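Data first, discussion second: the structure below is written as structure tokens.
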Amino acid sequence: MKQILALHTGGTISMTADDSGAMSPSATNPLLDANPALGARVSLTTEDIFNVPSPHMTPKLMLQLTKRIERAEAEGIDGVVITHGTDTLEETAYFLDLTLGSTIPIVVTGAMRSSNEIGSDGLYNFQTAIQTAASEGAKGKGVLVVMNDEIHTARYVTKTHTTNVATFRTPTFGPVGLVTHDSVRFFQELINQETSNIDHVVDNVFMLKAFAGMDSTMFDMLPDNTNGLVIEALGAGNLPPATLDGVQRLINRDIPVVLVSRCFNGVAEPVYDYEGGGVQLKKMGVIFCQGLNGQKARIKLIVGLSNGKSKEELAHYMDNAIS
Ligand code: ASP
């Protein structure tokens, strides 16, 4: 018998819609009364650890989840399912992935339609997430996100659509598995799994998105207590020339500046050697981070800084080298 713990954190999966269609958290989580079909092999325990819409989620709450899951694993739980609002689901899932050394399956899920809407996907996603958490194949795969019959890695999955139930996708690499009618199947797995133990989270790690005509204004507005910056740069990893002075001033202040691409496919690399091109940015000391989107790179930077990594360690850690 597999002992699975479900930790509910809130989000649409736990909400109900009123007569006008407006959704809000319910006084009692509808999932607590739900009856997913589990079969004889699974024993489910549930806990409402938070009840927040996911835009209210913070790295501090994410760390509380990490600690709760560590405790559950020490107590002998075989797998954990976390239900979560979809807006920041990928950030919490990746935070857990970076901070949990677990070998038991950890699966995050959510819903695009609330519990009482027609075509509600919450109970179904909850059920398939439990199936995945109870499967042998999910062991040692890092934190997984199960939505709409697909299994994605926390590292690369992202929300791609505001309302569609097929919103969670893994650009560039694709899902790692599927939940079929009868089974949970994996087709690929990640390389370079590295976890860091942390007991606090640093704040003031910011993110800026590059745009045509951008200058240094936003970079110079970052407060004195800034601990790190992620830039969603252009294309393969380039910035408009007028940003360079601002970026240089941040680097001179010893603030780690991490660069990803604002493109949702591919990796950022120092390719272009013109003013503001990636080759020059790299020479200035900008850290290129491969394959992560901006919000994931920010979570990774928070974890790396909270783990007390030195400047050199941080540069290597944030590199996220794929090869
Ligand atoms: N706004 C909601 C949230 O993230 C969306 C969802 O759960 O699907 O909490």
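Brief remarks follow.
- Answer from L31, L38 - the residue that is of a type outside the set (S, T, Y) and in contact with a Phe, Trp or Tyr (Cβ under 7 Å, 6 or more places away or on another chain): L31
- Breaking point among (1) surrounded by fewer than 22 Cβ atoms within 10 Å (Cβ to Cβ); (2) in contact (Cβ under 8 Å) with a residue 60 or more places away in the chain, for I302: (1)
- The number of residues in the range 194-222 that are out of contact with any Asp or Glu (no Cβ under 8 Å at 6 or more places or on another chain) and more than 30 Å from P240 (Cβ to Cβ) comes to 7.
- Residues in the range 36-57 that are part of a loop (DSSP other than H, G, I, E, B) and touching a residue at least 60 places away in the same chain (Cβ under 8 Å): P36, A37, L38, R41.
- Note on the range 1-19: among residues that are away from the ligand (no atom under 14 Å from the Cβ) and at pLDDT 85 or above, the one that is surrounded by the fewest Cβ atoms within 10 Å (Cβ to Cβ) is M1.
- Across the range 20-30, the qualifying residues are those that are within 16 Å of the ligand (Cβ to nearest atom) and of a type in the set (G, A, S), and the one among them that is farthest from the chain's Cα centre (by Cα) is G21.
- Subset of the range 31-60 (residues that are of a type outside the set (S, T, N, Q) and within 13 Å of the ligand (Cβ to nearest atom)): L31, F50, V52, P53, P55, H56, M57
- Restricting P55, P59, P30 to those that are modelled with pLDDT under 85 and not small (G, A, S) reduces the list to P30.
- Considering residues of the range 71-115 that are among the acidic types (D, E) and assigned to a loop (DSSP other than H, G, I, E, B) only, the residue farthest from the ligand (Cβ to nearest atom): E75
- Selection from the range 39-61 of residues that are aliphatic (A, V, I, L, M) and within 16 Å of the chain's Cα centre (by Cα): M57, L61
- Taking (1) within 13 Å of the ligand (Cβ to nearest atom); (2) assigned to a helix (DSSP H, G or I); (3) under 20 Å from the mean Cα position of the chain (by Cα) in turn, T66 satisfies each apart from (1).
- Selected residue (criterion: farthest from M62 (Cα to Cα)) from residues of the range 105-123 that are more than 19 Å from the chain's Cα centre (by Cα) and of a type in the set (A, V, I, L, M, F, W, C): I118
- Test: residue in the range 206-217 that is under 19 Å from the mean Cα position of the chain (by Cα), assigned to a loop (DSSP other than H, G, I, E, B), of a type outside the set (S, T, N, Q) and surrounded by 15 or more Cβ atoms within 10 Å (Cβ to Cβ): no
- For the range 160-168, the criterion of being surrounded by 15 or more Cβ atoms within 10 Å (Cβ to Cβ), of a type outside the set (K, R) and not in a loop (DSSP other than H, G, I, E, B) is met by at least one residue.
- Some residue of the range 124-138 being within 21 Å of the chain's Cα centre (by Cα) and either modelled with pLDDT under 95 or part of a loop (DSSP other than H, G, I, E, B) (or both): no
- Filter pass, Q280 being surrounded by fewer than 24 Cβ atoms within 10 Å (Cβ to Cβ) and closer than 18 Å to A154 by Cβ: no
The values are calculated or read from the model by the stated rules, or taken from the named source; none is laboratory data. Worth saying up front: this structure is predicted, and the values here are computed from it rather than measured. Glycine also receives a Cβ, built like all others from the backbone with ideal geometry; neighbour counts cover every protein chain displayed.
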